[in-house]
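Scroll down for the structure; my scribbles are underneath it.
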Amino acid sequence: MVRKEIFRMTTAEKDKFIAYLNLAKHTISQDYVISTGTYEQMNNGSNPMFADINVYDLFVWLHYYASRDAFLEDGNVWANIDFAHEAPGFLPWHRFFLLLWEREIQKVTGDENFTIPFWDWREAQRCEICTDEFFGGTHPTSNVLLSPASFFSSWQIVCSQAEEYNRLGIFCNGTNEGPLLRSPGRHDISRTPRLPTSAEVEAVLSISNYDTGVMDRSANFSFRNMLEGFAVPTSGIAYRSQSTMHNSLHVYLNGSMSSVQGSAKDPIFVLHHAFVDSIFEQWLRRHQPSLDVFPEANAPVGHNREYHMVPFIPLYTNGEFFVQSRDLGYDYDYLVESGSFQDFLLPYLEQARQIWQWLVGAAVVGGLITAVIATIISLLCRSKKRRTILEETRPLLMEAEDYQATYQSNL
Ligand SMILES: [Cu+2]
């Protein structure tokens, strides 16, 4: 299964994707319900509190739930907790999230071949997919609403009041909370001066350490922290006052995408994270890390290699998704050719580099042997020619028998 860049899709493919998003937004999930109360609020399970949810919003809720504050006993709140961000699990968690999202869209649409498109935002000067043909232009009289000509202007969002739920000690319950908001480019320019460049992506890819130090947003020279966007991409040093790389897109889009807990409300989330996943994939192919590169202990809560990713059921560990995408059954269009060709050729080129002296020697010896054989053959041919001339003077009746003998002796 190959994920395609959105601008390399045909108009029909792109329109089909938008139709699928709308279908998912209007189809109640057959397999999942969301929890609308804590275990305590459910009176330790005796009063179940669950609600139906549409397939699109199910994923908004899953993302919210992984990054919401934790409610502790006696009304205490643990705010500094996130099972999907600011730690090593960031990349495997979102990798699994996208795979599950893709699978659920396949089930809703019956299209087994559906793959998530991605948006390659390297060098983008603006949000190129924020137009009415794609994911919605800006409203003519509002800076925060989508253009009425876009399908997405009629979408209602869920899980947008994270701070409020955390304050009240409740969960997002999936009810509609108003329209999708987006205001690309009207963000805080000092935090994110521009979208990431190709050179910045390259600089991040050159970092060989997956995660470092205390493995949170303060990690220096950490591939994960740099790609997530808490560090200066060119130096690798953590920097609190700027949002770079992955984070820069969230800040730039300035609206529903900009608060971590509810960011999956905007369909651009999926296209953005698919591209982030493709950069993770490039890193895996380039550095070929073994599984023990992913921390086994001491990562922030929930982020160790063998820990299960919250809140997915069935259970999967972070480590299970720290593997190359082809082992999980998918690839990216821009990595397929170069990737497979390089992968095919690289081991041979490396072997050739190690044994080149032998290859030159073999070529010289081979040349000499060829020359010797050629000389022998030409000498034999000349002697055969001489004998043939003699044979022609013999009587014709003996020809067959003699020819046979001659042929054999020449060999
Ligand atoms: Cu996220």
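Read the figures in this text as sums done on the coordinates, not as results from a lab. Only a predicted model underlies this, so the values are computations on that prediction, with no experimental measurement involved. Note that we place each Cβ from the backbone using ideal geometry, even for glycine, and neighbour counts take in every protein chain shown.
Full extension of the chain segment joining residue 112 with residue 12 gains 34.3 nm, where the gain is 0.36 nm per residue of separation less the Cα-Cα distance.
Checking every one of the GluC sites (Glu not before Pro) in the stretch 119-200 against DSSP loop status and a limit of 16 other Cβ atoms within 10 Å picks out 123, 128, 133, 177. What residues from the stretch 195-222 fall in the zone where the backbone N is under 11 Å from a label point 7 Å along the Cα-to-C-beta line of residue 240? Output list for this probe position: 218. What the phi angles of the stretch 31-40 give under the Karplus curve with 6.51, -1.76 and 1.60, with θ = phi - 60°, is a coupling list of 10, 10, 10, 9, 7, 9, x, 6, 4, 5 Hz, glycine and proline written as x. The length gained by stretching the chain between residue 30 and residue 232 to full extension, at 0.36 nm per residue less their Cα-Cα distance, is 68.4 nm.
Compared with the direct C-alpha span, the chain from residue 290 to residue 163 gains 41.8 nm at full extension, assuming 0.36 nm per residue. Electrostatic tally near residue 181: other residues with Cβ closer than 10 Å to its Cβ, Lys and Arg +1, Asp and Glu -1, net +1.
Helix 11-25 and the longest principal axis of the C-alpha atoms of the chain enclose an angle of approximately 40°. To the nearest ten degrees, helix 55-67 and the longest principal axis of the Cα atoms of the chain are 80 degrees apart. Summing Lys and Arg as +1 and Asp and Glu as -1 over all other residues whose Cβ lies under 13 Å from the Cβ of residue 137 gives a net charge of -1.
Between 0 and 90 degrees, the angle of helix 90-109 with respect to the longest Cα principal axis of the chain falls at about 90 degrees.
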